[in-house]
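Accompanying notes for the structure given below.
The values are calculated or read from the model by the stated rules, or taken from the named source; none is laboratory data. Just so it is clear, the model here is predicted, and its values are computed rather than measured. Positions of Cβ are generated from backbone atoms using ideal geometry, with glycine treated the same way; all protein chains shown enter the neighbour counts.
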Amino acid sequence: MIRTLALALALATSAAAQTPTMAPDIGAPFNAVTPAADYIRREVMIPMRDGVKLYTVIVMKKGTTNGPILLTRTVYNAAKTTSRNPSQQITEILPVSDAELVTDGYIRVYQDVRGRNKSEGDYVITRPLRGPLNATATDHSTDAWDTIDWLVKNVPETNGRVGITGSSYPGFTSLMALVDPHPALKAAVPMSPMVDGWMGDDWFHNGAFRQTMLDYFTAQTATKGDGDPVATGRRDTYGEFLSAGSVGGYIARYGLDQLPGVKKLMEHPSYDSWWQGQALDKILGARPLTVPTMLVVGQWDQEDSYGAPAVYRALEPKDTGNNMLSLVIGPWRHSGVNYDGSALGVLKFAGDTGLQFRNRVMKPFLDAHLKTGAPAFDAPPVFTYAVGADRWERHDRFPAGETVNLYLDDRFSLSLNAPAAKAAHDDYVSDPAHPVPFVPVPGNVRDRSVWTTWLVSDQRHASVRPDVVTYVSQPLKAPLQIHGQPQANLFASTSGTDSDWVVKLIDVFPEENSAQPDLAGLQLGIGMEIFRGRYVKSFEKPEPLTPGKAEHYRFLLPGVNHVIPAGHRLMVQVQSSWFPLYDRNPQKYVPNIFTARPEDYKQATQGVWRDSVRPSHIALPVIGGAAAARAALAN
């Protein structure tokens with residue numbers, strides 16, 4: 001009887017407490033209960049000085065005390081970055097590159113920049129500093145300052161010391177935090193940072209527009225959350241861009257001119273004050289260096305190869321003790337430092353080079369500046385991986401090599417001797433209707449396996465074309481080590497009134513390799529870059545080229561530490577299109593190539609000059625200088 005009564009009361013109570021069928025199933029924020037988790041994960045909205053609140057995720061191991069904070073300010077979704085797997089383990093919910101840090105007491109913080117994902121405010125791509133281009137009271141420098149100030153006052157588990165890091169856009173925000181740094185900011189590791197979008201990072205290289213990056217604008221600005229690429233419906237990006245008639249035609253076809261970010265690019269095709277006012281290397285170069293900084297980039301960074309070396313050049317003179325600034329170049333793709341670095345494309349290295357750097361250099365560097373009682377760390381001023389020799393090297397400066405000129409010679413060869421001929425040139429016809437592809441067609445750039453490895457892809461597809469002129473050395477008699485940024489010195493003429501010039505420095509592997517057949521005969525780019533001819537006299541004020549007149553084009557190739565073994569050959573390729581990575585040059589001068597019409601695109605005869613007056617050459621930074629170069633390249 002007693003049991004029957006108790007059961008009846010329980011059933012009645014249960015019925016009364018039932019959730020109504022029509023109660024909304026999406027209501028208050030859901031907080032996952034993770035009693036067995038080894039971590040604490042907090043979501044907070046941090047107020048900025050103008051009242052805008054930024055979504056921030058704080059993650060740490062349970063039991064953390066006196067922990068240093070490592071901050072990343074990102075456009076790539078802080079919530080997803082900190083919940084990568086539904087796991088009870090901190091090393092599973094965070095990126096793999098955080099594992100060694102958080103297991104050693106670091107407090108990891110990710111924040112959506114203003115206007116992106118869960119943060120309030122307006123999003124402006126690479127938001128400029130307060131000043132002529134930004135009349136508001138806030139920028140990424142103030143937002144970093146306000147964030148750090150809040151963190152050190154409101155995270156009880158911290159020791160009050162903060163570092164900042166991140167790659168690509170978060171590399172840019174890491175550098176912006178150094179403009180007016182908070183006193184608690186003690187170290188920075190900007191990786192593959194966006195520094196100057198016109199000179200050599202995401203949008204342009206020396207004035208040539210990287211049209212395949214248009215997907216970025218739909219992904220970042222079509223919606224506050226994570227957007228989609230341009231809906232072309234095609235995998236053949238070469239054919240898609242070509243069929244549009246021009247880059248402006250492609251933009252119009254898909255309505256991309258509705259996006260303010262795209263309109264800004266089209267309105268500023270030259271290096272005017274709008275671009276110059278945002279160049280972070282110039283901005284930081286005008287300020288004191290007060291925060292120990294380690295700049296990181298990949299030798300084959302397909303997106304932001306320019307930024308880290310440019311900031312290094314700007315800041316290195318301020319590092320009088322050679323102990324505040326480091327430059328790191330690894331054998332990586334864009335942001336590859338944060339992943340498995342044991343291989344890139346067909347290239348294999350001596351172990352996981354990304355993990356080697358993070359454990360042996362980056363973490364000790366951060367520990368020394370951020371952890372309480374950590375030992376001092378003698379950070380290398382320059383730390384680079386010698387590709388071809390498979391070893392990390394420490395140097396006091398970049399470049400470590402001494403300049404040696406490698407001349408384009410007759411019979412399509414290369415020589416250490418300056419040419420003696422009075423008038424000599426090699427010609428080819430550049431046809432915009434049949435541009436040189438940057439990878440074999442179709443080469444879908446949205447395929448990650450294509451995009452992340454294209455800089456190490458075999459260049460034989462280009463060297464066999466009649467519109468690519470190729471110069472090759474004899475097999476090297478001794479190893480040749482290039483350390484620095486090679487400089488192209490190209491004397492070239494065109495029958496048109498504008499032209500693009502692409503110069504590639506290439507390591508040519510022997511034709512036989514039974515141990516790794518996919519390396520046999522490989523033409524591996526060491527450094528490759530483009531220059532838009534109209535800017536030969538001024539980046540700010542372009543002008544038409546004079547038909548038939550040879551101009552001297554000087555431009556740097558990406559930074560490298562590359563050992564060409566004995567038996568390999570050096571190659572230089574010159575061409576006038578690199579499609580669809582870069583928009584086609586009409587080869588007829590028009591005021592703004594974004595508005596070029598299909599009928600503006602003309603064939604042109606191009607001349608590469610190699611005589612005593614116009615000695616086209618590559619200035620190579622060679623370890624061991626002229627003596628080492630002669631030992632390797634003597635005829």
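Brief remarks on what is shown
- Top-ranked residue of segment 242-253 - restricted to ones that are in contact (Cβ under 8 Å) with a residue 40 or more places away in the chain and not aliphatic (A, V, I, L, M), ranked as farthest from Asp201 (Cα to Cα): Gly245
- Unmet requirement for Gly197, which otherwise passes all of (1) over 30 Å from Tyr553 (Cα atoms); (2) assigned to a loop (DSSP other than H, G, I, E, B): (1)
- Scanning segment 235-276 for residues that are outside any helix (DSSP H, G or I) and under 21 Å from Ala222 (Cα atoms) gives Tyr254, Gly255, Leu259, His268.
For (1) over 30 Å from Asp518 (Cα atoms); (2) of a type outside the set (Phe, Trp, Tyr); (3) free of Cβ contacts under 8 Å to residues at least 12 places away in the same chain, each residue gets a yes or a no:
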{"residue": "Val296", "(1), (2), (3)": "no, yes, no"}
{"residue": "Asp301", "(1), (2), (3)": "no, yes, no"}
{"residue": "Ser305", "(1), (2), (3)": "no, yes, no"}
{"residue": "Ala310", "(1), (2), (3)": "yes, yes, no"}
{"residue": "Pro317", "(1), (2), (3)": "yes, yes, yes"}
{"residue": "Val328", "(1), (2), (3)": "no, yes, no"}
{"residue": "Gly336", "(1), (2), (3)": "no, yes, no"}
{"residue": "Asp340", "(1), (2), (3)": "no, yes, no"}
{"residue": "Leu344", "(1), (2), (3)": "no, yes, no"}
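- Of all the residues in segment 315-347, those that are assigned to a helix (DSSP H, G or I) and not hydrophobic (A, V, I, L, M, F, W, C) number 5.
- Taking segment 230-262 as the range and being surrounded by 15 or more Cβ atoms within 10 Å (Cβ to Cβ) and farther than 24 Å from Pro432 by Cα as the test, the residues that pass are Leu259, Gly261.
- Single condition Asn513 does not satisfy, out of (1) in contact (Cβ under 8 Å) with a residue 24 or more places away in the chain; (2) over 24 Å from Ala424 (Cα atoms); (3) in contact with a helix residue (DSSP H, G or I) (Cβ under 8 Å, 6 or more places away or on another chain): (1)
- Check on Tyr106, in contact with a strand residue (DSSP E or B) (Cβ under 7 Å, 6 or more places away or on another chain), hydroxyl-bearing (Ser, Thr, Tyr) and within 16 Å of Ile164 (Cβ to Cβ): yes
- Close pairs from segment 57-78: first closer than 17 Å to Ala99 by Cα, partner of a type in the set (S, T, N, Q) and not in a strand (DSSP E or B), Cβ under 6 Å, at least 6 apart: Val57/Thr82; Val59/Thr82
Okay, residues lined up against (1) under 17 Å from Leu327 (Cβ atoms); (2) more than 32 Å from the chain's Cα centre (by Cα); (3) of a type in the set (A, V, I, L, M, F, W, C); (4) modelled with pLDDT of 95 or more:
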site	(1), (2), (3), (4)
Arg360	yes, no, no, yes
Lys363	no, no, no, yes
Asp367	no, no, no, yes
Phe377	yes, no, yes, yes
Ala389	no, no, yes, yes
Phe398	yes, no, yes, yes
Thr403	no, no, no, yes
Leu406	no, no, yes, yes
Asp426	no, yes, no, yes
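- Lone unmet requirement of (1) among the hydroxyl-bearing types (Ser, Thr, Tyr); (2) more than 26 Å from the chain's Cα centre (by Cα); (3) under 25 Å from Gly307 (Cβ atoms) for Thr103: (3)
- Condition check for Gly166: under 29 Å from Ile329 (Cβ atoms) and part of a helix (DSSP H, G or I): no
- Number of residues in segment 348-375 that are in a helix (DSSP H, G or I), of a type in the set (Phe, Trp, Tyr) and either more than 19 Å from Val456 (Cβ to Cβ) or in contact with a Ser or Thr (Cβ under 9 Å, 6 or more places away or on another chain) (or both) equals 1.
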